[in-house]
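Reading through the structure tokens given below for one structure.
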Amino acid sequence: MIKYLDKFFTYLEVEKNYSSHTALNYRIDLEEFAKFLGAASVETVGYPDLRRFLAQLKGRNLKPRTLARKLSSLRSFFKFLQREKIIQTNPAKLLVTPKLDKPLPHFMSEEEAVQIIEAPKTGKINSPRDKAIFEILYSTGIRVSELVGLDVEDVDFIGNIIKVMGKGKKERLVPIGDQALDVLKEYLDHRKAEHKFVFANKNGTRLTDRSVRNIINKYILEQAMAQHVTPHMFRHSFATHLLNHGADLRSVQELLGHVNLSTTQIYTHLTTDKLKKVYDQSHPRA
């Protein structure tokens with residue numbers, strides 16, 4: 001089996017545009033399966049072998065999401081083997097993924113969003129950068145990985161658009177508000193060194209996802225906010241607030257860069273307060 005793995009991972013990265021993070025997880029899963037097979041040939045693997053492997057995984061009390069990912073790794077690998085005519089039939093076709101409950105995403109209220117965006121105070125050395133980070137995250141709803149990957153040339157100050165590299169190495173154009181652009185321009189005008197990337201740390205290298213998380217945590221402590229805010233909560237808040245103010249689901253899907261509308265639909269569960277107000281104001285028997 002090992003001899004086919006490198007070819008499979010090249011296929012994932014080159015043809016399927018999988019992120020390095022996803023490819024790494026798939027490699028861990030499939031190397032675990034190779035260890036389970038031992039000396040057995042992958043060409044002889046049948047559905048009963050996969051069921052035994054699945055039973056072993058279930059015996060470890062893995063989280064449903066982890067188990068689902070491992071099944072996805074197996075399905076992708078055997079589909080590839082069949083595509084390459086290494087095997088005639090795909091035994092993983094019969095595997096059933098456990099049903100996953102989608103947890104409701106946490107989001108900030110509009111007041112909380114304003115509080116943290118305005119937390120960086122004028123005069124402090126990193127305030128322009130930190131304020132620009134918060135403004136862009138909330139104004140665009142982009143992922144933190146997309147934020148730290150921004151280069152200066154990706155920002156269209158005239159057209160109010162930024163170009164981001166999303167999941168699966170897919171580029172998309174995202175609108176950005178005037179206020180966020182003004183703060184970003186101020187930061188770029190006042191930073192000491194010129195870099196091709198937008199956000200830098202004190203060493204002059206590109207900011208990381210972890211750095212953004214640490215920056216947010218610093219201001220949460222300063223502001224003594226009750227809510228624990230993560231970078232992704234800006235994205236959740238962006239989507240929820242748009243829907244609360246009348247945006248349609250399809251538009252929010254495009255803005256977030258979701259492939260499937262079902263991924264975006266989870267935010268409709270968060271807008272019940274607005275629905276209750278409309279009901280109270282509109283229904284004659286409310």
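Here the simple spin-label model places points 7 Å from the Cα toward Cβ, and for ASN17 and LYS277 these points are separated by 3.8 nm. Got a sec? Charge dipole of the chain, +1 on Cβ for Lys and Arg, -1 for Asp and Glu; which of HIS283, ALA119, ASN61 is way out at the positive end? Final value for the positive-end residue is ASN61.
Loop-located trypsin sites (Lys or Arg not before Pro) across the stretch 91-158 with a Cβ neighbour count of 12 or fewer within 10 Å are LYS99, LYS121, LYS124, with loop assigned by DSSP. In plain terms, the residue of SER262, SER19 with the fewest other Cβ atoms within 10 Å comes first and the most crowded comes last, giving SER262, SER19. Using R₀ = 41 Å, calculate the FRET efficiency as 1/(1 + (r/R₀)^6) where r is the Cβ-Cβ separation of THR122 and THR66; round to 0.05. Efficiency computed from Cβ-Cβ geometry: 0.35.
When peptides 70-78, 172-180 are sorted by average Cβ neighbour count within 10 Å, with the highest value leading, the order is 70-78, 172-180. The simple Förster model, with R0 at 30 Å and r as the Cβ-Cβ distance, assigns LEU261 and GLN179 a FRET efficiency of 0.55.
One quarter of the surface of the convex hull around the alpha-carbon atoms of the chain equals 20.4 nm², the direction-averaged projected area. In terms of surrounding Cβ atoms within a 10 Å radius of their Cβ, ILE266, ILE216 rank from fewest to most as ILE266, ILE216.
With 10 Å bins beginning at zero, the pair-distance distribution over Cα atoms of the stretch 110-278 amounts to 9, 38, 37, 14, 2, 0 %. Please state the relative contact order of the chain as a whole percent: Cα pairs under 8 Å, 6+ residues apart? Contact order relative to length: 17 percent. Projecting the Cα positions of MET108, SER262, THR97 onto the charge dipole of the chain (unit charges on Cβ atoms of Lys, Arg, Asp and Glu, taken about the Cα centre) puts THR97 furthest along the positive direction.
Would you please state the base-10 log of I(q)/I(0) at q = 0.10 1/Å for the stretch 2-94, with intensities from the Debye formula using one equal scatterer on every alpha carbon? Normalising to I(0) and taking log10 leaves -0.24. Projecting the Cα atoms of THR140, ALA23, GLY46 onto the charge dipole of the chain (Cβ charges, centred on the Cα centre) puts GLY46 farthest toward the positive pole. For the chain, the Cβ-based charge dipole about the Cα centre amounts to some 1400 debye (Lys, Arg positive; Asp, Glu negative; other atoms uncharged). FRET efficiency for the ASN244 to LYS79 pair, using the beta carbon distance and R₀ = 41 Å, is estimated at 0.50.
Every number here is computed from the coordinates shown, using simple stated rules; none is lab data. Keep in mind that what you see is a predicted model, and the values were worked out from it rather than measured. Ideal geometry is used to build each Cβ from the backbone, glycine not excepted, and the neighbour counts take in all protein chains shown.
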